[in-house]
Amino acid sequence: VSRTTVHDRFKSGQLLGVLDNNILKFPDWQFDHSGPNGLVAGFPEVLAALNCGNFAKISWLSSFNPIFGNERPIDVLRKGRIEAVLTEARAVGVA
């Protein structure tokens, strides 16, 4: 996809990225060439469900989590367990 498409997806919240020294960087683990729109299936929905900033989203998605048997949420998502990850994502940032 084009650079414009990537930036548009980032701006619309479908893609996760962070600024690093004025360069927008995107974690590679969110991409899947065989997934919908080149992303891991369910990824945009999980991003929308997470009620926190981008660094916290990166941390949550890429950290080992005992709720998922010490697997990372992104890995559980890659296995197709979208609803399980969505359920937990909805609880992030909720007091």
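The values are calculated or read from the model by the stated rules, or taken from the named source; none is laboratory data. Quick caveat, the model's predicted, so the values are computed rather than measured. When we count neighbours, we look across all protein chains shown, and the Cβ atoms used for this are built from the backbone with ideal geometry, even at glycine. Note: accessible area is taken over every heavy atom of the protein model, side chains too, but ligands, DNA and RNA are not part of it. Shrake-Rupley method; radii C 1.70, N 1.55, O 1.52, S 1.80 Å.
In summary, the aspartates and glutamates within cross-link reach of residue 79, defined as a Cα separation below 17 angstrom excluding same-chain residues under 8 places away, comprise 28, 32, 45, 71, 88.
Projected label points at residue 90 and residue 63, each 7 Å from Cα along the beta carbon direction, are separated by 2.2 nanometres. Each of residue 34 and residue 10 was given a label point 7 Å from its Cα along the Cα-to-Cβ line. The distance between the two points is 2.8 nm.
By the rule of a C-alpha distance below 25 Å, with chain neighbours fewer than 8 residues away ignored, the lysines paired with residue 11 are 25, 57. Within the full protein context, the accessible area of residue 71 is estimated at about 50 Å² for a probe radius of 1.4 Å. Helical content of the chain, expressed as a calculated mean residue ellipticity at 222 nm, amounts to -11500 deg cm²/dmol (DSSP H runs of 4 or more residues, -39,500 (n - 2.57) each, divided by residue number, nearest 500).
Looking only at 76, 85, 46, which one moves most when the chain is put into a Gaussian network model with springs between Cα atoms under 10 Å? Sorting by GNM fluctuation, first place goes to 76. Ellipsoid semi-axes for region 10-52, based on the Cα gyration tensor and the rule √(5λ), read 18, 14, 8 Å when sorted largest first. With no solvent and one equal point scatterer placed on each C-alpha of the chain, evaluate the Debye formula and give log10 I(q)/I(0) for q = 0.11, 0.14, 0.15, 0.20 Å⁻¹, two decimals. Here the Debye-derived log intensity ratios amount to -0.30, -0.48, -0.56, -0.98. If the chain linking residue 71 and residue 23 were pulled fully straight, counting 0.36 nm for each residue of separation and taking away their Cα-Cα distance, it would gain 14.3 nm. Across the chain, the mean sequence separation of Cα contacts (distance under 8 Å, 6 or more residues apart), normalised by length, yields a relative contact order of 24 percent. Per atom type, the chain shows carbon and sulfur on 53% of its accessible surface, probed at 1.4 Å. The residues of the chain present an accessible area of 60 Å² per residue when probed at 1.4 Å with all protein chains retained.
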